[in-house]
Amino acid sequence: MKRSALILLLGGLVLLPVARGAAAPNPGDDLMKQAQAAAKDGKWDNALQLYQKIFIEHPEASNRWYEAQMNIAQTLAKKGDLAEAAKAAHLCLDGAPSPQSFDAAVMLTAGILSAQDKNVDRANQFITFEQAGGKTNPMDAVGYPSLPDREKAFATIRQQAGEDSAASRLRALTYLFTGKPKDALAQFAEAFRRSENISFLQDPVLDLVGIGLRDMRGHRVGLDRDVQFVIFGPNGPDGKPGTADDLADPFAPWLPAPPAAGEGGLSGVDAGSLAPLRQVHDAAELCGGDPLLYAEARRNALKALLRSTSALDGWGAPGQKDWYLGRALGLGGMPPPDGATRGLLLTGAELSARGRACHLGGIHALWSEIYADCAATNIPFDKALDAARAQFDKTCATLEHIPFPQPDLKPLKTPATF
């Protein structure tokens, strides 16, 4: 393909639509009101059907899934089906989006267990587990509900979601609300890998640690320590292996190695869809790597390269970091880029250095390498380099201050009633 044709192609692909499907008005509010009205009138089965519709028919209402699942558990408890209510509450625990909502799910679950047992023993064992952590989670014996209609609908949602970070997150939620937390963790890890903006990692990290890792353990004790691993990686803050501040990998017991870079990750994308993505990627790499291309076209190519690499789940491929870093710094006789182009190249270098890992340790090492390269070749540390390093430092500082308040859960004195 001629370079002029590539430029035209990439100009239309800067905002590559990797997530399929257009946004639609969120119907969750109307369904929630109808279901709550049915429950208020004691029409339990009608209410349960309406709550299920929020999951089955409307993936765009995923922000209402936790509330809907909490209401399902409460409705089953009011109906008198406490065994199914406990299983439904297990999904509430997995799908809770924040520490506060998780603690609310804990207390609802404890109430259901106490009502089922007509005593508080098992409920308070569960509360103690959530308060202090441990190895024995009473909810493991409860299990999850059978939801064949939801499973069928979610299989379609996963297939249609797309190939960006938001799509991976949506797939994670479908696994959470069908009792598959290990699959959800893998999708949250992929959402983290697909995140192509180093400035906005707080939400992917909150999902990865605050939901994915929490659910594998069954409690949220010690998550603040796990965020430290995400920020610094196994070598800890000093970046040196074998020292006192080394950090254990909290994901290792549950997270398998990710798929090979550039194969579409866990999106389930077929070979027919991978082929055009790879064509876009290759065209973007050709134009983005050309220092003689006029600046605006080159920047568009680099933006398309970032998007297509994320869509392919391709960060961390062999030679990728050096490709970006050499062009960002003007190494090997290449002319140095302008500031805006250098900024895009540095972003690519950071994402390449992060690669397939669930931590930012590779980016810390990258900046040490950048300082060494600049010193060795007398490259001035200009505004673009300063801005990129400052932004990474800001990202790390933001992650350091993610709030994980300690659980403050009180034991039950009497069995709950519904």
Open item on the list: Could you go through the stretch 291-311 and let me know if any residue there is farther than 24 Å from Ala387 by Cβ and either buried (at least 16 other Cβ atoms within 10 Å of the Cβ) or in contact with a Phe, Trp or Tyr (Cβ under 9 Å, 6 or more places away or on another chain) (or both).
Closed with: yes
Task: Of all residues in the stretch 147-171 being closer than 17 Å to Ile54 by Cα and out of contact with any Ser or Thr (no Cβ under 9 Å at 6 or more places or on another chain), the one that is surrounded by the fewest Cβ atoms within 10 Å (Cβ to Cβ) - done: Pro148
Open item on the list: Looking only at the stretch 69-91, count every residue that is touching a Phe, Trp or Tyr at 6+ places or on another chain (Cβ under 7 Å), farther than 10 Å from Leu48 by Cβ and among the hydrophobic types (A, V, I, L, M, F, W, C) and tell me the total.
Closed with: 2
Task: Unmet criterion (only one of (1) under 24 Å from Ala390 (Cα atoms); (2) under 22 Å from the mean Cα position of the chain (by Cα); (3) not in a helix (DSSP H, G or I)) for Gly348 - done: (3)
Open item on the list: Looking for something under 16 Å from the mean Cα position of the chain (by Cα), surrounded by 21 or more Cβ atoms within 10 Å (Cβ to Cβ) and not in a loop (DSSP other than H, G, I, E, B) - is there at least one such residue anywhere in the stretch 231-246?
Closed with: yes
- [ ] Would you point out which residue out of Pro259, Pro250, Pro234, Pro276 is free of Cβ contacts under 8 Å to residues at least 24 places away in the same chain and of a type outside the set (D, E, K, R)?
- [x] Pro276
Task: Residues of the stretch 61-96 that turn out to be over 21 Å from the mean Cα position of the chain (by Cα), charged (D, E, K, R) and in a helix (DSSP H, G or I), as a count - done: 4
- [ ] Quick one: Thr341 ticks every box in (1) among the β-branched types (Val, Ile, Thr); (2) within 30 Å of Arg214 (Cα to Cα); (3) surrounded by 13 or more Cβ atoms within 10 Å (Cβ to Cβ) except a single one, so which number is it?
- [x] (2)
Open item on the list: Residues to consider are Gly339, Gly288; find the one that is on the phi < 0 side of the Ramachandran plot, at pLDDT 95 or above and touching a Lys or Arg at 6+ places or on another chain (Cβ under 9 Å).
Closed with: Gly288
Open item on the list: Against the definition (outside the structural domain of Ile402 (by TED's automatic domain parsing), polar (S, T, N, Q) and at pLDDT below 95), how does Thr136 come out, yes or no?
Closed with: yes
Open item on the list: Condition first: touching a Lys or Arg at 6+ places or on another chain (Cβ under 7 Å) and charged (D, E, K, R). Now tell me which residues in the stretch 142-195 satisfy that.
Closed with: Arg158, Asp164, Arg171, Arg193
Open item on the list: Condition first: surrounded by fewer than 15 Cβ atoms within 10 Å (Cβ to Cβ) and of a type in the set (Ser, Thr, Tyr). Can you find one or more residues in the stretch 350-364 that meet it?
Closed with: no
Open item on the list: Residues that are more than 23 Å from the chain's Cα centre (by Cα) and within 20 Å of Asp103 (Cβ to Cβ), at least 3 per element: which helices (runs of 4 or more DSSP H) completely within the stretch 115-180 meet that?
Closed with: 121-132
Open item on the list: If I go through the stretch 323-345 residue by residue, how many of them are free of Cβ contacts under 8 Å to residues at least 12 places away in the same chain and part of a helix (DSSP H, G or I)?
Closed with: 1
TODO: Kindly establish whether Ile198 is within 23 Å of Lys394 (Cβ to Cβ) and among the aliphatic types (A, V, I, L, M).
DONE: yes
Task: Criterion violated by Ala317 - all others in (1) surrounded by 21 or more Cβ atoms within 10 Å (Cβ to Cβ); (2) of a type outside the set (Ser, Thr, Tyr); (3) closer than 25 Å to Gln187 by Cβ satisfied - done: (1)
- [ ] Working carefully through the options Ser62, Ser101, find the one that is surrounded by fewer than 23 Cβ atoms within 10 Å (Cβ to Cβ), in contact with a helix residue (DSSP H, G or I) (Cβ under 7 Å, 6 or more places away or on another chain) and at pLDDT 95 or above.
- [x] Ser101
Open item on the list: Among the residues in the stretch 128-149, are any β-branched (Val, Ile, Thr) and out of contact with any Leu (no Cβ under 9 Å at 6 or more places or on another chain)?
Closed with: yes
Open item on the list: Quick test of your reading of the structure: Met70 fulfils all but one of (1) modelled with pLDDT under 95; (2) in contact with a Cys (Cβ under 8 Å, 6 or more places away or on another chain). Name the failing condition by number.
Closed with: (1)
- [ ] Give the residues of the stretch 265-282 that are surrounded by fewer than 14 Cβ atoms within 10 Å (Cβ to Cβ) and within 16 Å of Ala161 (Cα to Cα), sorted by residue number.
- [x] Asp270
Open item on the list: Going through Ala186, Ala123 one at a time, which residue ends up being surrounded by 14 or more Cβ atoms within 10 Å (Cβ to Cβ), closer than 16 Å to Gly212 by Cα and out of contact with any Cys (no Cβ under 7 Å at 6 or more places or on another chain)?
Closed with: Ala186
TODO: Considering each residue of the stretch 248-300, count those that are among the β-branched types (Val, Ile, Thr) and within 30 Å of Pro336 (Cβ to Cβ), and give that number.
DONE: 1
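The values are calculated or read from the model by the stated rules, or taken from the named source; none is laboratory data. Computed from a predicted model, the values in this text were never measured in an experiment. Note that we place each Cβ from the backbone using ideal geometry, even for glycine, and neighbour counts take in every protein chain shown.
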